[in-house]
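The values are calculated or read from the model by the stated rules, or taken from the named source; none is laboratory data. From a predicted model like this one, the values you see are computed outputs, not experimental measurements. Because the Cβ atoms are built from the backbone with ideal geometry, glycine has one as well, and the counts that use them run over all protein chains shown.
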Amino acid sequence: MSASAQALRDEPRWAPMVAILSVFGLLAVLPHHVYVMPAWVSYGVVLAALIPMAVVTFRNGNILWLRIERAAIMLLATVYAANTAAELADMIGIITLHPPETRAVSLLSSSLAIWVTNVLTFSLIYWQIDRGGPYGQVRGANQKPDWLFPQATAPEETSPDWRPLFLDYLSLAYNMAAGFSPADVLPLTRRAKMLTMLESGISLLTLVIVAARAVNVLP
């Protein structure tokens, strides 16, 4: 087994698991934010994603469980992306059709929920599609990268077997949502460019339209 394949098998899953649980916990305690997705759906998709990740950790990158993990994570990301779009549309409807003065706290908490869910969702998507994701890379799919990280352009400054892990994609997603730019990471493929455009567009709508309007009507 090559060193890169072994590194892929040994990638710890604590970071994405902690990220998922943290966002899920934040959504559970945020006051008065708008709910579109039923609670049981949230519990179900989160559990469906966490179980394969835990198994992959203890089974040391079993190919079958890597495939199940990929499917579960993409399901989680798809459900959360659809929920985010529905919540954002609902928020814009509240602002345009109803007086927002009585729902300022709801608007603020909902915009925060949308923003953090946006970051988590796209970090998981980036992690799972770049170079075929952990599953595709361990299988030897040998796909071209979707993003160019700075370490790849300066190999003399990094270890020979360096490769992006989940935290690198979480940083990429955060930069896209907070600064509307991938910072030092370059999107190389059309799907990478479309995904980053979509993430920054959701963040822009959330921060400029929803959050700014909520702050403006606070007493």
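In this structure, is Ile202 surrounded by 15 or more Cβ atoms within 10 Å (Cβ to Cβ) and modelled with pLDDT of 85 or more? In short, yes.
When the range 62-81 is filtered for residues that are over 17 Å from Leu47 (Cβ atoms) and in contact (Cβ under 8 Å) with a residue 24 or more places away in the chain, the ones remaining, listed by number, are Ile63, Leu66, Arg67, Ala81. The condition of being under 17 Å from Arg163 (Cβ atoms) and modelled with pLDDT of 90 or more holds for only one of Ala3, Ala15, that being Ala15. As for the range 165-183, it holds at least one residue that is surrounded by fewer than 20 Cβ atoms within 10 Å (Cβ to Cβ), hydroxyl-bearing (Ser, Thr, Tyr) and modelled with pLDDT of 90 or more.
Quick check: anything in the range 72-81 more than 17 Å from the chain's Cα centre (by Cα) and modelled with pLDDT of 75 or more?
No, the range 72-81 contains no residue that is more than 17 Å from the chain's Cα centre (by Cα) and modelled with pLDDT of 75 or more.
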